[in-house]
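> Can you keep this structure in mind? I'll have questions shortly.
What follows draws every value from the coordinates through simple rules; no lab data is involved. Only a predicted model underlies this, so the values are computations on that prediction, with no experimental measurement involved. So basically every Cβ, Gly included, is an ideal-geometry build from the backbone, and we count neighbours across all protein chains shown.
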C-alpha cells in the first residue's frame, strides 16, 4: 500500500468512527455519556481534518512534513489509573444504560479495527508513513482505553464517571 492509499484508507476509518460517535451522542440518554461521545466525536473530527491536510500535502509535494497531531484526551495510562481510583471509591448506582452500552461495543470494535490498520501501516510503510501512523496508534490506544473504561463502568458499576478523577477535556 502506498502512503497516499494509506491516508485515504485512514480517512475512511476516521470518518466511520466519527459518525459512530456522533450518532451515539445523539442517542445517549445519560448526560455524561453524551459528553464522552461528543468529546470522542470532536477528536475524530480533528483526525479527519489532519489527514485531509496530510493528503493534500502528499498530493502536492510528494512528502509529509512533521506536523504534531494533538489530542484532547489524556493518555491511555492516565485513563486506566483514573478508572482504578474511581472503582475504589464509588458505590454502584442503579440504572440501565443498554443503548449506551451497545454504542460503546460498536465504538470499541471500530477503534480496534482502526488500530489494527494503523499497526499494519507502521509495519509496512516507509519511514515517512510510519511516523504519521505511529502517532495515530498512540492516540487510538487512548480512545480504546476511554471506551473500555466506559464499558467497564456501565457493566460493573452503572455510572458514567460521576467522580471527576480525570478530565476528558485536559490534553
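> Once you have the Cα-Cα distance between residue 101 and residue 116, take 0.36 nm times their residue separation minus that, and quote the gain in nm to one decimal.
Extra length from residue 101 to residue 116 when fully extended: 3.2 nm.
> Report Rg(Cα)/(2.2 N^0.38 Å) for segment 1-57, keeping two decimals. Don't skip to the answer; put the middle values down first.
On the way: Rg = 13.3 Å, N = 57, 2.2 N^0.38 = 10.2 Å.
Against the empirical 2.2 N^0.38 Å value, I get 1.30 for segment 1-57.
> Once R0 is set to 25 Å, what does the formula 1/(1 + (r/R0)^6) return for the Cβ-Cβ distance between residue 72 and residue 5, expressed as a FRET efficiency to the nearest 0.05?
Efficiency computed from Cβ-Cβ geometry: 0.30.
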